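Since the structure comes first, as structure tokens, the remarks are kept for the end.
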Amino acid sequence: MLRVPGDPDAHMARLQATLELPGAEPVQGALADLFGSFGTPHATLKRTALHLAKGRLSAHAARWFEAQLDQAPLPAINPLATRWSVLAHPSADISTRARRCSVDDSRLLAGQAVLAFEARNQTAQNEFLHHCVTCHDNLAFMLARRALRQSGAALPADWEAVSLQLEQPRETT
């Protein structure tokens, strides 16, 4: 892909490979590379790729890609690129959480945190809470907290402190 970024077969093979991986992020990253390499003359290729990937994308990402079907190639830096993109790079105007971890990562971490809470594994809980604060991962925290509250768990003070910290507006520099 790096040697011949305009090879449609390489892009389609990569997209097919990402469809075998769990989560949406690898698929979106491969699709962002494809859409960044091909423009209006390759609308059919882009449409085929999007059709293959659409079921794995979030609704808003699918809409963004659909809007680009008959357009020029995406810029090298764009909000559709992910950590899995090889040719494209994620833009800085996405959330801190999205730059540091994907939705797939947040869901996985939330599930692990719930298990750690149920197992009374304080070390794992502390690592999760540290991750949430450091990466400003409101999604992971919200998913874990909601699951725990639905199970009737009373959250300890450190969970409430992290909740308050994540609710604070972030300073912009």
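See the values below:
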| quantity | calculated |
| --- | --- |
| Qualifying residue in region 96-106 (condition: acidic (Asp, Glu) and in a helix (DSSP H, G or I)) | yes |
| Yes/no for Thr40 being among the β-branched types (Val, Ile, Thr), out of contact with any Leu (no Cβ under 8 Å at 6 or more places or on another chain) and open to solvent by less than 20 Å² (accessible area, probe 1.4 Å) | no |
| Tally of residues being under 16 Å from Gly111 (Cβ atoms) and not in a loop (DSSP other than H, G, I, E, B) across region 121-137 | 7 |
| Filter result for Leu109 (at pLDDT 90 or above, surrounded by 12 or more Cβ atoms within 10 Å (Cβ to Cβ) and touching a His at 6+ places or on another chain (Cβ under 8 Å)) | yes |
| One residue from Arg63, Arg145, Arg149 being open to solvent by 40 Å² or more (accessible area, probe 1.4 Å), within 17 Å of Leu166 (Cα to Cα) and either assigned to a helix (DSSP H, G or I) or touching a Lys or Arg at 6+ places or on another chain (Cβ under 8 Å) (or both) | Arg145 |
| Complete set of residues in region 43-82 that are out of contact with any helix residue (DSSP H, G or I) (no Cβ under 7 Å at 6 or more places or on another chain) and either within 22 Å of Asp9 (Cβ to Cβ) or without any contact (Cβ under 8 Å) to a residue 12 or more places away in the chain (or both) | Ala43, Thr44, Arg47, Thr48, His51, Gly55, Ala59, His60, Arg63, Ala67 |
| Extreme residue, least open to solvent (accessible area, probe 1.4 Å), among residues of region 1-20 that are aliphatic (A, V, I, L, M) and at pLDDT below 95 | Met1 |
| Pick from region 152-170, criterion outside any loop (DSSP other than H, G, I, E, B) and more than 23 Å from the chain's Cα centre (by Cα), ranking: farthest from Val103 (Cα to Cα) | Ala157 |
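The values are calculated or read from the model by the stated rules, or taken from the named source; none is laboratory data. Computed from a predicted structure; not experimentally measured. Cβ sites come from the backbone with ideal geometry, for glycine too, and all protein chains shown count toward neighbours. The accessibility values were calculated without ligands, DNA or RNA, using every heavy atom of the protein model including side chains. Shrake-Rupley method; radii C 1.70, N 1.55, O 1.52, S 1.80 Å.
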